[in-house]
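What follows is a single structure, written as structure tokens, with notes after it.
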Amino acid sequence: MVYYAKSPTKSITEDKRDRLACQLKEILNLIGDDLDEWEINAVKGNIENLNINSEVHHKTLREHLDETVLCAEDFFKMYGDYFTEKEKLLIISACKYHDIGKANLVFQSIVQPQMSSVKYKYPKQQIPHGYLSAYTLSYRQFCEENPQCSKDDYSVWLTSIYYHHDREDGFNGDKTEEYCDKYYLDCVREFLENPGLKLRLNNETKLLFSKKYEMIPVTENIWCEYMLVKGMLNKFDWNVSAGYESAEFESDIKDRKLCRN
């Protein structure tokens, strides 16, 4: 089965593309002298994309995860000196795993219209994919991939993935396990090519905070690390979802300039 990250991108009509292209060209004519070079290039790039992206594209889940990781790595080539090696590893790893929970039949029935036929009957309510992603993750595997990280780092990483979207979850206990057995486990095993994978629903107790469990207070440093990892994960995820390859157009970091003359 092919797993997709979101619904197909719909193309716009030729008339609408022409109107948008004319409007963007008019903007360049009116204020082009006041724009920086990267801003002009961005507008020109959008004009070109109006003609290039005329076909419907259905991005796979693997493509989205790989592109999110590449976006993070590209960003760190410019700004990596402002992050510790551990912070960069945590952020890139979160990008790698954040959306694997989308490999479930309920989500796929939404993004693949052909699955919504009478043959398939899926519930309207679903466990948020960020939660499912977190249920799939292993502390042992995390330590193998990030040997310099601690249990606190694991909680930071896990919570960033679990809550990378703000979603309500109406499932508890046996209902969660039943949902995963019925709609998720076989799919994620296939997606990750790991037939022996086991879910870890008790990962909820390892989060920094939760609506379901009373959590032990953590230090300010841990909270700051969580805000950093989650914030950067959201930055790269949203950036790629919007169709961009890079998180930044251009950097003046070496000259430390806020603007160019």
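The values are calculated or read from the model by the stated rules, or taken from the named source; none is laboratory data. The structure displayed is predicted, hence computed values, not measured ones. Cβ coordinates were reconstructed from backbone atoms using ideal geometry, including for glycine residues, and neighbour counts include every protein chain displayed. Quick note on the areas: whole protein, heavy atoms, side chains included, nothing else; ligands and nucleic acids left out. Shrake-Rupley method; radii C 1.70, N 1.55, O 1.52, S 1.80 Å.
Would you check if residue 58 is of a type outside the set (Ser, Thr, Tyr) and loosely packed, with under 15 Cβ neighbours inside 10 Å?
Yes; evaluated as a whole, the condition is true for this residue.
From the list 181, 166, 237, pick out the single residue that is at pLDDT 95 or above, acidic (Asp, Glu), closer than 19 Å to residue 107 by Cβ and open to solvent by 50 Å² or more (accessible area, probe 1.4 Å).
Residue meeting the stated conditions: 181.
Checking residue 88 against (1) part of a loop (DSSP other than H, G, I, E, B); (2) closer than 21 Å to residue 237 by Cβ; (3) touching a residue at least 12 places away in the same chain (Cβ under 8 Å); (4) open to solvent by 10 Å² or more (accessible area, probe 1.4 Å), which single condition isn't satisfied?
Of everything listed in (1) part of a loop (DSSP other than H, G, I, E, B); (2) closer than 21 Å to residue 237 by Cβ; (3) touching a residue at least 12 places away in the same chain (Cβ under 8 Å); (4) open to solvent by 10 Å² or more (accessible area, probe 1.4 Å), residue 88 misses just condition (1).
Take the conditions touching a residue at least 24 places away in the same chain (Cβ under 8 Å) and either open to solvent by less than 40 Å² (accessible area, probe 1.4 Å) or among the hydroxyl-bearing types (Ser, Thr, Tyr) (or both) and apply them to residue 98. Does it pass?
Details: touching a residue at least 24 places away in the same chain (Cβ under 8 Å): yes; either open to solvent by less than 40 Å² (accessible area, probe 1.4 Å) or among the hydroxyl-bearing types (Ser, Thr, Tyr) (or both): yes.
Judged against the criteria, residue 98 is a match.
Checking residue 36 against (1) open to solvent by 80 Å² or more (accessible area, probe 1.4 Å); (2) more than 30 Å from residue 185 (Cβ to Cβ), which single condition isn't satisfied?
The number of the failed condition is (1).
If you go through the stretch 60-70 one residue at a time, do you hit one that is of a type in the set (Val, Ile, Thr), in contact with a Gly (Cβ under 7 Å, 6 or more places away or on another chain) and at pLDDT 85 or above? Quick ask: steps written out before the conclusion?
Of the residues in the stretch 60-70, the ones of a type in the set (Val, Ile, Thr) are 60, 68-69.
Subsequent filtering for residues that are in contact with a Gly (Cβ under 7 Å, 6 or more places away or on another chain) retains none.
Within the stretch 60-70 (the criterion being of a type in the set (Val, Ile, Thr), in contact with a Gly (Cβ under 7 Å, 6 or more places away or on another chain) and at pLDDT 85 or above), the answer is no, since none of the residues qualifies.
Please give the number of the condition residue 152 fails out of (1) free of Cβ contacts under 8 Å to residues at least 60 places away in the same chain; (2) closer than 23 Å to residue 230 by Cβ; (3) of a type in the set (Asp, Glu).
Condition not satisfied by residue 152: (1).
Consider residue 81 against the criteria (1) at pLDDT below 95; (2) open to solvent by 40 Å² or more (accessible area, probe 1.4 Å); (3) assigned to a helix (DSSP H, G or I); (4) touching a helix residue (DSSP H, G or I) at 6+ places or on another chain (Cβ under 9 Å): it satisfies all of them except one. Which criterion is unmet?
(4)
Looking at the stretch 163-190, which of its residues are in a helix (DSSP H, G or I) and in contact with a Leu (Cβ under 7 Å, 6 or more places away or on another chain)?
176, 177, 180, 183, 184, 185, 187, 188, 189
Condition first: within 20 Å of residue 233 (Cβ to Cβ) and of a type in the set (Ser, Thr, Tyr). Now tell me which residues in the stretch 135-190 satisfy that.
135, 136, 138, 139, 150, 154, 155, 159, 160, 162, 163
Checking residue 212 against (1) farther than 16 Å from residue 101 by Cα; (2) open to solvent by less than 50 Å² (accessible area, probe 1.4 Å), which test does it fail?
Going through (1) farther than 16 Å from residue 101 by Cα; (2) open to solvent by less than 50 Å² (accessible area, probe 1.4 Å) one by one, residue 212 breaks only (2).
Right, residue 74: without any contact (Cβ under 8 Å) to a residue 12 or more places away in the chain and within 16 Å of the chain's Cα centre (by Cα) or not?
no
Let's see how each residue does on (1) at pLDDT below 90; (2) in contact with a Leu (Cβ under 6 Å, 6 or more places away or on another chain); (3) farther than 21 Å from residue 7 by Cβ; (4) open to solvent by less than 20 Å² (accessible area, probe 1.4 Å):
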| position | (1), (2), (3), (4) |
| --- | --- |
| 21 | yes, yes, yes, yes |
| 41 | yes, no, yes, no |
| 73 | no, no, yes, no |
| 107 | no, no, no, no |
| 123 | yes, no, no, no |
| 129 | no, no, no, no |
